1. Filter the range 111-120 down to residues that are without any contact (Cβ under 8 Å) to a residue 40 or more places away in the chain and outside any helix (DSSP H, G or I) and give me whichever is nearest to residue 165 (Cα to Cα).
2. Considering only residues of the range 171-203 that are of a type outside the set (Gly, Ala, Ser) and without any contact (Cβ under 8 Å) to a residue 24 or more places away in the chain, which is nearest to residue 68 (Cα to Cα)?
3. Residues that are touching a Leu at 6+ places or on another chain (Cβ under 8 Å) and closer than 23 Å to residue 21 by Cβ: list the strands (runs of 3 or more DSSP E) wholly contained in the range 127-215 that include at least 1 such residues.
4. Restricting to the range 205-218, name every residue that is free of Cβ contacts under 8 Å to residues at least 40 places away in the same chain and crowded, with 21+ Cβ neighbours inside 10 Å.
5. Which ones in the range 151-172 are of a type in the set (A, V, I, L, M, F, W, C) and surrounded by fewer than 16 Cβ atoms within 10 Å (Cβ to Cβ)?
6. If I ask for residues that are under 27 Å from residue 197 (Cα atoms), touching a Pro at 6+ places or on another chain (Cβ under 9 Å) and surrounded by fewer than 21 Cβ atoms within 10 Å (Cβ to Cβ), which ones from the range 126-150 would you list?
7. Please state which of the following conditions residue 84 fails to meet, knowing it meets all the rest: (1) touching a strand residue (DSSP E or B) at 6+ places or on another chain (Cβ under 6 Å); (2) within 18 Å of residue 142 (Cα to Cα); (3) surrounded by fewer than 20 Cβ atoms within 10 Å (Cβ to Cβ); (4) not aliphatic (A, V, I, L, M).
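The values are calculated or read from the model by the stated rules, or taken from the named source; none is laboratory data. Everything quoted here is computed from the prediction, not taken from an experiment. In this analysis, Cβ positions are derived from the backbone assuming ideal geometry, glycine residues included, and neighbour counts consider all displayed protein chains.
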Amino acid sequence: MPAPTALRRLLPKPPLWVKPPLWVAMYHSITDPGDDPYHVTVSPVRFARQMHWLGDRGLRGVSVRELLAATAAGCAKGLVGLTFDDGYADFLDSALPLLRRHGFTATVYVLPGRLGGENAWDTEGPRKTLLDEDGILRIAAAGMEIGSHGLTHVSLTEADDSELAAETRRSRELLEEMTGDTVDGFCYPYGKVDPRVIHAVRKAGYRHACAIDPGPHTSAYALPRVHIGEDDTSWRLTAKRVLHPLRRRHPVDVFPSQAQAGPAVVGAP
């Protein structure tokens, strides 16, 4: 019988082009989840426990911009990306104070075409107020990254060319005029991506973008994320963190080069 060392030589080696994906958590609204048919709401109490769970394990929540920069520099160990989709106004009172208390940052994806409006796209859900310009500026001043979620929250894979350009390029222009800062990040409404939409996001000048489970499209322009909800207790968070690399491994060569799009994303240590 071959020795253990010889057996190891006989086993297929894992491909060198596969790296573990970054850990990026996806939140939406932080408020009372009593009426939540789309499972996008986390109570402030649960959210506080989840942030404590990170801190107790020596993990630090950061924006996508910071996570990618740290990855490019080889110092992303212990960092967790925190993202908030749709730009709900409850972020100001329910999430921001706790993030600052922990020394965390996050990326908040907002809709400049619906400032101070409501989540009209959620036909079955309760109406939730969206951030207005003042709220966005307060969040940016607190050190959070502001990203675009498009203009009005439409499925970009179904949009025509003119609508796609407005949802990507125009939304970025409006946010940069508002904040006076460069907007690097985009988030695909409903998480839907395809090569045409990814190309439009790159052409609009973004340096990174978040999806949900982009599969073969995974790249710095279609980062996979883990949905975090009200039911995610400590043990569920642990399970999600352990399983994430197993579910979302993808070839490194799908990531754009640093010359094309800033930091290449090859996974955190």
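1. Our first condition is that a residue be without any contact (Cβ under 8 Å) to a residue 40 or more places away in the chain; within the range 111-120, this holds for 114-120.
The next check asks that each one be outside any helix (DSSP H, G or I); those that pass are 115-120.
Numbers: 115: 19, 116: 23, 117: 22, 118: 23, 119: 22, 120: 22 Å.
Per the criteria, the residue is 115.
2. Quick first cut of the range 171-203, residues of a type outside the set (Gly, Ala, Ser) only: 172-179, 181-184, 186-190, 192-199, 201-203.
Add one more test, that the residue is without any contact (Cβ under 8 Å) to a residue 24 or more places away in the chain, and what stays is 173, 176-177, 182, 195, 199.
Values: 173: 22, 176: 20, 177: 24, 182: 16, 195: 22, 199: 20 Å.
Among residues in the range 171-203 that are of a type outside the set (Gly, Ala, Ser) and without any contact (Cβ under 8 Å) to a residue 24 or more places away in the chain, the one nearest to residue 68 (Cα to Cα) is 182.
3. On the way: elements: 145-148, 185-187, 208-210.
In the range 127-215, 145-148, 208-210 are the strands (runs of 3 or more DSSP E) which contain 1 or more residues that are touching a Leu at 6+ places or on another chain (Cβ under 8 Å) and closer than 23 Å to residue 21 by Cβ.
4. Here is the first cut: in the range 205-218, the ones free of Cβ contacts under 8 Å to residues at least 40 places away in the same chain are 205, 209, 211, 213-217.
Once the filter is applied, which keeps residues that are free of Cβ contacts under 8 Å to residues at least 40 places away in the same chain and crowded, with 21+ Cβ neighbours inside 10 Å, the range 205-218 yields 209, 211, 214.
5. The one that is of a type in the set (A, V, I, L, M, F, W, C) and surrounded by fewer than 16 Cβ atoms within 10 Å (Cβ to Cβ): 165.
6. 133, the sole residue that qualifies.
7. (3)
Table: residues versus (1) surrounded by fewer than 16 Cβ atoms within 10 Å (Cβ to Cβ); (2) touching a Phe, Trp or Tyr at 6+ places or on another chain (Cβ under 8 Å); (3) assigned to a loop (DSSP other than H, G, I, E, B).
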{"residue": "33", "(1), (2), (3)": "no, no, yes"}
{"residue": "36", "(1), (2), (3)": "no, no, yes"}
{"residue": "54", "(1), (2), (3)": "no, yes, no"}
{"residue": "58", "(1), (2), (3)": "yes, no, yes"}
{"residue": "67", "(1), (2), (3)": "no, no, no"}
{"residue": "74", "(1), (2), (3)": "yes, no, yes"}
{"residue": "104", "(1), (2), (3)": "no, no, yes"}
{"residue": "109", "(1), (2), (3)": "no, yes, no"}
